[in-house]
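The values are calculated or read from the model by the stated rules, or taken from the named source; none is laboratory data. Please read these numbers as outputs of a predicted model, since none were measured by experiment. Every residue, glycine among them, receives a Cβ derived from its backbone with ideal geometry; neighbour counts consider all protein chains shown. Ligands, DNA and RNA are stripped out before the accessible areas are found, and what is left, the full protein with its side chains, is counted by its heavy atoms. Shrake-Rupley method; radii C 1.70, N 1.55, O 1.52, S 1.80 Å.
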Amino acid sequence: MKRTVAGLILSLAVCGAVCGAARADTVVVTADRMIDVLASRVVDKPQVTITDGRIVAIAAQGAVVPTDARRVDLPGQTLMPGFIDMHVHLTSDPRLGGYRGLEYTDNFWTVVGVANAKKTIEAGFTTVRNVGSANFDDVAIKQGIEHGYVPGPRIVPATYAIGATGGHCDSTEFPPSIKVPNPAVADSPDAIRAAVRTLRKYGAEVIKFCGTGGVFSKTDSVGGQQYSLAEMTVLVDEAHRLGLKVAVHAHGAAGIKDALRAGVDTIEHASLADEEAFALAKQHGAYFSMDVYDDDYILAEGEKNGTFKESLEKERMIGRQQRETFKAATAAGVKMVFGTDGGVYPNGDNAKQFATMVAWGMTPMQALRAATVTAAEALGRSSDVGAIAVGRYGDLVAVEGDPLTDITRLQAVSFVMKGGVVYKGPVSR
């Protein structure tokens, strides 16, 4: 018996040394300064310790760290949480506008999405909400990223966007002889509930629906309401019952206000929202996600990209108004998140919107908070993303200099880490 026990102890000791007994992977990151988005302040000479992908300590440089910790030192740089974009379409390429996309096979767009996922994380966006893609491509890309096949951000997928027949989420650019299958076109309360359940079944983690017309749908009015209050209420009720948040594509004021009354969580675009809509958003705790950079790209590049002339006309009508609304909503105290509609412009250029947000009424700190702590709140993920804080993922970005004095510095991210893994910049030593 004694020999058996002694042998067991020896075996355990050998396995602990040789078989890779649980050893924590620790990396320590330092920089000249860090932006604490929770307290809206700048911290000099920070030292962030990350173990097994989570932040375990934040201290001043020189604090004691594990002896086997790897280090990443970023002299002259400002450290921030990984950015969050609440409105992207990874499987879209704006250069293939109008009918040009019909030249490609269905699965081509998955490949586009893989390439765009890499561009997005290298731009500093470590979490994105993909609010609309065909063929459940966003779920496939999410799975590929999580299993280590391809690099990319954390993805919150919506899969298809739900909408009414002939509406913005339907295909309206073809004659009756051409049918485009879409499991998310729904026209009755029962069909709407079934669509929500189907999308959830196949991987949706947020439900997105089209409450009004849009810019890139060829035949509808950009602000016209496309679901009634009763229909919106059914959709939101079903999604919330299943534990899913709801985003609504809505440009027109009437559709925005009915969506808020129905209980949606985020308003996408919100171009023609008025003071009553601002009050409803504040009353219901909803967030606005406004893609205010897009107007520059669409009007500069749209015709060359093959964008429908009807879409260009609608953008000319609504682009400036959306920016005026953004400025008014910010001043009114509506909760604002960072959402760019990536795919309408080239994915990877997401950070260009920061400067537009500052030009139209936000401070640099407000814009940065919209893309970090506030976006995390809107996702319901304040425990793991959106801030450099103990317990959250080691999602970090850095830029040269101070982005609070020059917001355009965020367009040139020099370092990106997601979950303690470096995707861009100096590797640990």
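For the range 291-307, name all the residues that are under 21 Å from the mean Cα position of the chain (by Cα) and either free of Cβ contacts under 8 Å to residues at least 12 places away in the same chain or open to solvent by less than 50 Å² (accessible area, probe 1.4 Å) (or both). I'd like the intermediate steps shown before the answer.
In the first step, residues of the range 291-307 are kept if they are under 21 Å from the mean Cα position of the chain (by Cα); the result is 291-298.
Result: D291, V292, Y293, D294, D295, Y297, I298.
When the range 97-112 is limited to residues that are in contact (Cβ under 8 Å) with a residue 12 or more places away in the chain and hydrophobic (A, V, I, L, M, F, W, C), the one that is least open to solvent (accessible area, probe 1.4 Å) turns out to be V112. Only a single item in (1) in contact with a Gly (Cβ under 8 Å, 6 or more places away or on another chain); (2) open to solvent by 60 Å² or more (accessible area, probe 1.4 Å); (3) farther than 27 Å from S171 by Cα is not met by Y149, and it is number (1). When A359 is tested against (1) touching a helix residue (DSSP H, G or I) at 6+ places or on another chain (Cβ under 7 Å); (2) closer than 26 Å to E276 by Cα, exactly one condition is not met: (1).
Identify the residue in the range 80-125 that is assigned to a loop (DSSP other than H, G, I, E, B) and among the small types (G, A, S) and, among all such residues, is nearest to M34 (Cα to Cα).
As a first pass, look at the range 80-125 and keep what is assigned to a loop (DSSP other than H, G, I, E, B): 82, 89-99, 104-107, 123-124.
Those left that are additionally among the small types (G, A, S): 82, 92, 97-98, 123-124.
On the way: G82: 12, S92: 34, G97: 40, G98: 44, A123: 18, G124: 15 Å.
Result: G82.
Restricting attention to the range 326-342, does a residue exist that is within 24 Å of A279 (Cα to Cα) and in contact with a Gly (Cβ under 6 Å, 6 or more places away or on another chain)?
Initially, the range 326-342 is screened for residues within 24 Å of A279 (Cα to Cα), giving 326-340.
Then keep just the ones that are in contact with a Gly (Cβ under 6 Å, 6 or more places away or on another chain); that gives 327, 330.
Yes, that holds for at least one residue.
In the range 346-363, the residues that are more than 16 Å from I121 (Cα to Cα) reach residues that are modelled with pLDDT of 95 or more and surrounded by fewer than 18 Cβ atoms within 10 Å (Cβ to Cβ) with C-beta atoms within less than 7 angstrom, at least six apart or across chains, in these pairs: A355/T408; W360/K327; G361/K327; G361/A331.
Residues in the range 225-250 that are under 24 Å from M317 (Cβ atoms), in contact with a helix residue (DSSP H, G or I) (Cβ under 8 Å, 6 or more places away or on another chain) and open to solvent by less than 10 Å² (accessible area, probe 1.4 Å): Y227, V248, A250.
Tell me whether the range 34-42 contains one or more residues that are open to solvent by 90 Å² or more (accessible area, probe 1.4 Å), at pLDDT 95 or above and out of contact with any Asp or Glu (no Cβ under 8 Å at 6 or more places or on another chain). Yes. A69 meets the conditions (1) surrounded by fewer than 17 Cβ atoms within 10 Å (Cβ to Cβ); (2) more than 30 Å from I388 (Cβ to Cβ) in every case but one. The failed one is (2). Taking the range 113-152 as the range and being in contact with a Phe, Trp or Tyr (Cβ under 8 Å, 6 or more places away or on another chain), small (G, A, S) and without any contact (Cβ under 8 Å) to a residue 60 or more places away in the chain as the test, the residues that pass are S133, A134.
Scan the range 26-71 for residues that are part of a strand (DSSP E or B) and more than 26 Å from P364 (Cα to Cα) and jot them down.
To start, the set of residues in the range 26-71 that are part of a strand (DSSP E or B) comprises 26-36, 41-44, 46-51, 54-60, 70-71.
Across the range 26-71, the qualifying residues are T26, V27, V28, T49, I50, T51, R54, V56, A57, R70, R71.
Within the range 308-333, being part of a helix (DSSP H, G or I) and open to solvent by 40 Å² or more (accessible area, probe 1.4 Å) holds for K309, E310, E313, R316, M317, R320, Q321, E324, K327, A328, A331.
Within the range 180-222, being in contact with a Ser or Thr (Cβ under 6 Å, 6 or more places away or on another chain), of a type outside the set (A, V, I, L, M) and within 24 Å of Y345 (Cα to Cα) holds for G213, F216, S217, K218, T219. For the residues D44, D52, D68, the requirement of being closer than 14 Å to D402 by Cβ and either touching a residue at least 60 places away in the same chain (Cβ under 8 Å) or out of contact with any helix residue (DSSP H, G or I) (no Cβ under 6 Å at 6 or more places or on another chain) (or both) singles out D44.
Is it true that K201 is touching an Asp or Glu at 6+ places or on another chain (Cβ under 9 Å) and not β-branched (V, I, T)? Give the steps one after another, and end with the answer.
Details: touching an Asp or Glu at 6+ places or on another chain (Cβ under 9 Å): no; not β-branched (V, I, T): yes.
In short, no.
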